[in-house]
Amino acid sequence: MCKNPVLKGTKWIAVEKTFVADAGTMTITHTLEFTSAKDVMVRERSYLPEHPAMYMNADGTVTRIPASESESEFAGTYKYRRGNLTVTDEEGSEALYFYKNDGTFVRLGHFEELVFSRVEE
């Protein structure tokens, strides 16, 4: 059994890098910010660097697509019990995170595990 983490007033971040064909590496930063003993803000910020278009212009040049960013966030609630953190969003959907002995939380992502580490502000 691992020691219970202190969550209230802490921030945890996981960074996910995904290769996007013909565009480069998209970086997605996931953040959990525990604002009280039961409330959490969940943020997701994605960044795709500038990259060439997938077509050639009539004059032989290739247009550059500018870098793009997007961000989403929602307020939710959380419960922690026996190494399991359950985050519930405003619509009632739940996400499950597992606390590990090394002091990180793990959530299963689309292609890999997302490892959340506590950050000091």
ask   = Regarding Glu112, is this residue within 30 Å of Pro52 (Cα to Cα), of a type outside the set (Ser, Thr, Tyr) and at pLDDT 95 or above?
value = no
When Glu71 is run through (1) closer than 17 Å to Val15 by Cβ; (2) in contact with a Phe, Trp or Tyr (Cβ under 6 Å, 6 or more places away or on another chain); (3) in contact (Cβ under 8 Å) with a residue 24 or more places away in the chain; (4) of a type outside the set (Gly, Ala, Ser), the failure sits at (2)
Pairs returned, first residue in segment 18-37 that is within 18 Å of Tyr80 (Cβ to Cβ) and among the acidic types (Asp, Glu), second residue that is assigned to a strand (DSSP E or B) and modelled with pLDDT of 95 or more, beta-carbon separation under 7 angstrom, 6 or more apart or interchain, are Glu33/Lys11; Glu33/Val40; Glu33/Met41
Of all strands (runs of 3 or more DSSP E) fully inside segment 61-115, the set with 2 or more residues that are of a type outside the set (S, T, N, Q), open to solvent by less than 90 Å² (accessible area, probe 1.4 Å) and farther than 30 Å from Gly24 by Cβ is 68-81, 84-88, 94-99
Scanning segment 46-60 residue by residue, those in a strand (DSSP E or B), of a type in the set (A, V, I, L, M) and exposed (fewer than 15 other Cβ atoms within 10 Å of the Cβ) turn out to be none
Counted residues in segment 14-32 being in contact with a Lys or Arg (Cβ under 7 Å, 6 or more places away or on another chain) and open to solvent by 50 Å² or more (accessible area, probe 1.4 Å) come to 1
- open to solvent by 80 Å² or more (accessible area, probe 1.4 Å) and under 19 Å from Val106 (Cα atoms), is that true of Arg43? no
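The values are calculated or read from the model by the stated rules, or taken from the named source; none is laboratory data. From a predicted model like this one, the values you see are computed outputs, not experimental measurements. Cβ: placed from backbone, ideal geometry, glycine included. Neighbour counts: every protein chain shown. With ligands, DNA and RNA removed, areas are computed over all heavy atoms of the protein, side chains included. Shrake-Rupley method; radii C 1.70, N 1.55, O 1.52, S 1.80 Å.
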